[in-house]
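Trainee: This is the structure I want to talk about, given as structure tokens.
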Amino acid sequence: MVEIKGGTYIPLYGRDSLTVTISDFYMDVYPVTNQEYLEFVKEYPKWQKSKVKKLFADDSYLMGWKSDITLGNNQKLDAPVVNVSWFAANAYCECKGKRLPTIDEWEYVAMANENIPDARQIQTYNEYILGWYEKPKTFNNTIGSTFKNYWGVYDLHGLVWEWTSDFNSVMVSGESRKDVDNDSNLFCGSAAIGATDLMNYAAFMRYATRGSLKAKYTMKNLGFRCVKDINDEAF
């Protein structure tokens, strides 16, 4: 994990331009891999594909794995795990003494390019992200195969989409972003999204995709990584 120094930023999408404050936290350098998730399901068999409750994962959960503890022929141990539900990703993080990042934490770190913490206004950076969205099967590339960003984090763009703890609790209005009952929004469609920067289609795509999800859904290009509060015990 690497330490992320907190600060303030204005999310690109929402009904207003509320400044959000991010506290210091740790973030995994890479997304969780097939190998790491394989070790997890061996230790916690209830999350194996034949044993997981349908309430917690849809029929595509770990699709492509040959068995509960065997990857498919074309799956790499050091590629990001995909076809994992929010429930499963959340359980993995908790078992590691960590948690899923919030949308704001993820976006705060992901707006950095190699050199600066906020590269959202750089045309080539947004073109890079949009170019990745059009590439097929990047989910089977190895971790670390994209660039190392300003914070020392890899693969936020270029391999897979990633779950967040509050994945479709999109800002509704003013301070209600912080006051909203996230649990009540967690399993339904997202709130309406208005744009503060219509040119940033890459950000719109992320918010729209998150808003279409439910916690049991899985996707072949959706993985996750964990974070940890700065005041927790050493990782």
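The values are calculated or read from the model by the stated rules, or taken from the named source; none is laboratory data. Predicted model only: the values in this text are computed from it and were never measured. Heads up, the Cβs are rebuilt from the backbone with ideal geometry, glycines too, and the neighbour counts pull from every protein chain shown. Note: areas computed on protein heavy atoms with side chains; ligands, DNA, RNA excluded. Shrake-Rupley method; radii C 1.70, N 1.55, O 1.52, S 1.80 Å.
Trainee: Put +1 on the Cβ of each Lys and Arg and -1 on the Cβ of each Asp and Glu in the range 72-122; which of A89, I122, I103 then has its Cα farthest toward the positive end of the dipole?
Mentor: About the Cα centre, the residue reaching furthest to the positive side is A89.
Trainee: Follow-up question, since we're still on this one. Of the heavy-atom accessible surface of the range 30-154 (probe 1.4 angstrom), what whole percent is carbon and sulfur?
Mentor: Ligands and nucleic acids excluded, carbon and sulfur reach 50 percent.
Trainee: Quick check on my link table: of K66/K228; K148/K228; K5/K66; K51/K214, which ones sit more than 30 Å apart, alpha carbon to alpha carbon?
Mentor: Listed pairs above 30 Å: K66/K228; K5/K66.
Trainee: Something else about it: Placing +1 on the Cβ of each Lys and Arg and -1 on the Cβ of each Asp and Glu in the range 1-99, which of V52, V29, W65 has its Cα farthest towards the positive end of the resulting dipole?
Mentor: It is V52.
Trainee: When all protein chains stay in place, what accessible area (Å², nearest 10, 1.4 Å probe) is found for K42?
Mentor: So the heavy atoms of K42 present about 110 Å² to solvent.
Trainee: May I pose another question? How much accessible area does S50 have with a 1.4 Å probe, in Å² rounded to the nearest 10?
Mentor: Per-residue accessible area (S50): approximately 80 Å².
Trainee: Around C226, what is the net charge, scoring Lys/Arg as +1 and Asp/Glu as -1 over all other residues with Cβ under 13 Å from its Cβ?
Mentor: -2
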